[in-house]
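Participant: Dropping a structure here in structure tokens format, bear with me for questions.
Derivation of every value follows stated rules applied to the coordinates shown; laboratory data play no part. Predicted, not measured: the structure shown is a model, and the values here were computed from it. Every residue, glycine among them, receives a Cβ derived from its backbone with ideal geometry; neighbour counts consider all protein chains shown.
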Ligand code: DGL
């Protein structure tokens, strides 16, 4: 009974950690495609092909349900996977919807028409591919009206994290927040729309100031997965063995994961 967690690299570990805390008895198999990160500068076909490959590898580990703990893959590939590729008996879920449901104060699965919500000015920080897809705005428009979204493509941040360069990542976060503030001086809420960014949450909060509510996905995704598995227990796959798999160098990736998550994590080759 294992569930798969997929990301282009280290970012999905933020989601993995929250799921493990919420459901400690559920075996999780993590797949980081570190050899091909960042996805955020790739085109949609490329992201689709790499994501399908990673998800198939997780099926081999007995994970019938895979969480795409990657906004870039969720934005650029998920819909195409669900419509054209996914065989019966398998499920792939993204990370966008739980976040938007929280922002728009909805219960899971509430499909009522879009309505006015409290938050009016939202800053979205995400990878260039996620921003270009406009997937966030599309999902938001199904649920809320009158919300002004200003999106900032945060080039370089994922790369700096994958390289283990925290100082560079912090400097880039500060400059991306400044760039966004030139277009939206007073956001009420900020969305960290990339699972790598919670690793830099303190830098985002510091640059944005204490009055901006920063939403990150990890705990929201964990809650919505717990709810999903209660309703659809048949999607807990036959796998039993938790693991961390990477397409990169397992020793280097383990070192960086341990550095950013502040806990020992051992990867093996995917
Ligand atoms: N962490 C991923 C996301 O949530 C991917 C970032 C990347 O590989 O560019 O978007």
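Participant: Which one is nearest to residue 196 (Cα to Cα) among residues in region 113-150 that are crowded, with 21+ Cβ neighbours inside 10 Å and more than 13 Å from the ligand (Cβ to nearest atom)?
Facilitator: 123
Participant: Limited to region 101-126, what total is found for residues that are touching a strand residue (DSSP E or B) at 6+ places or on another chain (Cβ under 7 Å) and assigned to a loop (DSSP other than H, G, I, E, B)?
Facilitator: Looking only at that region, the number is 5.
Participant: In region 7-39, how many are without any contact (Cβ under 8 Å) to a residue 60 or more places away in the chain and either more than 16 Å from the ligand (Cβ to nearest atom) or assigned to a loop (DSSP other than H, G, I, E, B) (or both)?
Facilitator: Looking only at that region, the number is 3.
Participant: Sticking with this structure for a sec: Which residue, of 248, 164, 193, 209, is surrounded by 15 or more Cβ atoms within 10 Å (Cβ to Cβ) and at positive phi?
Facilitator: Sole residue among the options that is surrounded by 15 or more Cβ atoms within 10 Å (Cβ to Cβ) and at positive phi: 164.
Participant: Report the residue count in region 56-72 for those that are more than 15 Å from the ligand (Cβ to nearest atom) and over 25 Å from residue 255 (Cβ atoms).
Facilitator: 7
Participant: What's the number of the only condition in (1) closer than 20 Å to residue 42 by Cβ; (2) in contact with a strand residue (DSSP E or B) (Cβ under 9 Å, 6 or more places away or on another chain) that residue 162 fails to meet?
Facilitator: Against the list (1) closer than 20 Å to residue 42 by Cβ; (2) in contact with a strand residue (DSSP E or B) (Cβ under 9 Å, 6 or more places away or on another chain), residue 162 comes up short only on (2).
Participant: Report whether or not residue 98 is assigned to a loop (DSSP other than H, G, I, E, B) and either more than 16 Å from the ligand (Cβ to nearest atom) or crowded, with 16+ Cβ neighbours inside 10 Å (or both).
Facilitator: So residue 98 fails the test.
Participant: Right, here's the next one. Which condition number in (1) exposed (fewer than 15 other Cβ atoms within 10 Å of the Cβ); (2) in contact (Cβ under 8 Å) with a residue 12 or more places away in the chain is the one that residue 182 fails?
Facilitator: All conditions are met except number (2).
Participant: Answer yes or no as to whether residue 155 is surrounded by fewer than 18 Cβ atoms within 10 Å (Cβ to Cβ), free of Cβ contacts under 8 Å to residues at least 40 places away in the same chain and either assigned to a helix (DSSP H, G or I) or within 16 Å of the ligand (Cβ to nearest atom) (or both).
Facilitator: No; evaluated as a whole, the condition is false for this residue.
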